[in-house]
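In what follows, a structure is listed as structure tokens, so that the remarks can point back to it.
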């Protein structure tokens, strides 16, 4: 029976997420042990994953520690590189490089580089959900299918979601590129000049599957089409909550677009009173363009 050994004491995203990925990728791994040291016998045992502990990086014996001179990775990034997923993962999950830097060089190194204050960091980044799970993990010496079963399967699920996110992102990019259309629209109609209207990015796919990655892809293409544009823009994408609808979102200056103005129209399912999001019934791009014009101020 294969197992994972990682360090005891304070838990970090590095050791926690590394264990999550291994659990999800290898069904034969049934136990996680958190302890201060790894024995010589355990270090050489190829059925045991040694993560963030052991002072050795050697994939041939499943040893992924990074506390040696000259290594700028953490255990998490060493694993991703071992699986040849590093480049894909850091493109999709933009938090990964910062997490690696924090684990290897400390929080100060990241905050100083980005000129972020501690106050701002803790206001924006301190997650109660993350803290709760990490505290749960930190209190356990053994996590297995028999002991701390709920945490075991939670971690396995987190790992599966991580890998699924990579696959879903690649599929999303392919579908996005084949279904994307971009128009500049004003209250008067279609415009040629970006200064005379609002850019609208239409992603009306036949197979809607909304994920948080979609926002990232929209921003990627917005910068590609209009690299020097910093004004208001709108995204419109096929939605599945409820089915056969289209979700509209406003980005940027609220003085240019107010999606709450769509509330009284017949084909509107929902319009947020603050005007930044609306859901409308499925319609053609031409109909949708005319519909959106009612929200442009």
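The values are calculated or read from the model by the stated rules, or taken from the named source; none is laboratory data. The shown structure was predicted, so the numbers you read here are calculated from the model rather than taken from an experiment. Neighbour counts are summed over all protein chains in view; Cβ atoms, including those assigned to glycine, are modelled from backbone coordinates with ideal geometry.
Quick notes on this structure:
- For segment 208-247, the set of residues classified as under 24 Å from residue 164 (Cα atoms) and more than 21 Å from the chain's Cα centre (by Cα) consists of 242, 243, listed by residue number.
A quick yes/no check of all residues on (1) at pLDDT 95 or above; (2) assigned by TED's automatic domain parsing to the domain that holds residue 7; (3) farther than 14 Å from residue 103 by Cβ; (4) part of a loop (DSSP other than H, G, I, E, B):
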position: 20; (1), (2), (3), (4): yes, yes, yes, no
position: 24; (1), (2), (3), (4): yes, yes, yes, no
position: 33; (1), (2), (3), (4): yes, yes, yes, no
position: 37; (1), (2), (3), (4): no, yes, yes, yes
position: 69; (1), (2), (3), (4): no, yes, yes, yes
position: 78; (1), (2), (3), (4): yes, yes, no, no
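- Residues satisfying the stated conditions in segment 226-261, i.e. over 16 Å from residue 180 (Cβ atoms) and in contact with a helix residue (DSSP H, G or I) (Cβ under 7 Å, 6 or more places away or on another chain): 229, 250
- Residues satisfying the stated conditions in segment 1-18, i.e. in a loop (DSSP other than H, G, I, E, B) and surrounded by fewer than 18 Cβ atoms within 10 Å (Cβ to Cβ): 1, 8, 9, 10
- Test result for residue 211, in a loop (DSSP other than H, G, I, E, B), modelled with pLDDT under 95 and either farther than 28 Å from residue 91 by Cβ or assigned by TED's automatic domain parsing to the domain that holds residue 286 (or both): yes
- A single entry from 155, 134 fulfils the requirement of being outside any loop (DSSP other than H, G, I, E, B), surrounded by 11 or more Cβ atoms within 10 Å (Cβ to Cβ), assigned by TED's automatic domain parsing to the domain that holds residue 25 and under 22 Å from the mean Cα position of the chain (by Cα): 134.
- Conditions (1) outside the structural domain of residue 15 (by TED's automatic domain parsing); (2) at pLDDT below 95; (3) under 25 Å from residue 8 (Cβ atoms); number of the one not met by residue 168: (3)
- Scan of segment 137-151 for residues that are part of a loop (DSSP other than H, G, I, E, B), touching a helix residue (DSSP H, G or I) at 6+ places or on another chain (Cβ under 8 Å) and surrounded by 15 or more Cβ atoms within 10 Å (Cβ to Cβ), ordered by number: 140
- When residues of segment 85-99 are limited to those that are in contact (Cβ under 8 Å) with a residue 24 or more places away in the chain and not in a helix (DSSP H, G or I), the one surrounded by the fewest Cβ atoms within 10 Å (Cβ to Cβ): 94
- Selection within segment 214-267 - under 13 Å from residue 296 (Cα atoms) and modelled with pLDDT under 90: 253
- Residues of segment 273-282 classified as without any contact (Cβ under 8 Å) to a residue 40 or more places away in the chain, in contact with a strand residue (DSSP E or B) (Cβ under 7 Å, 6 or more places away or on another chain) and in a loop (DSSP other than H, G, I, E, B), total: 2
- Breaking point among (1) outside any loop (DSSP other than H, G, I, E, B); (2) free of Cβ contacts under 8 Å to residues at least 40 places away in the same chain, for residue 116: (1)
- From 129, 184, residue being free of Cβ contacts under 8 Å to residues at least 24 places away in the same chain and either outside the structural domain of residue 285 (by TED's automatic domain parsing) or exposed (fewer than 12 other Cβ atoms within 10 Å of the Cβ) (or both): 129
- Of all residues in segment 72-84, those that are touching a helix residue (DSSP H, G or I) at 6+ places or on another chain (Cβ under 8 Å) and surrounded by fewer than 17 Cβ atoms within 10 Å (Cβ to Cβ) total 3.
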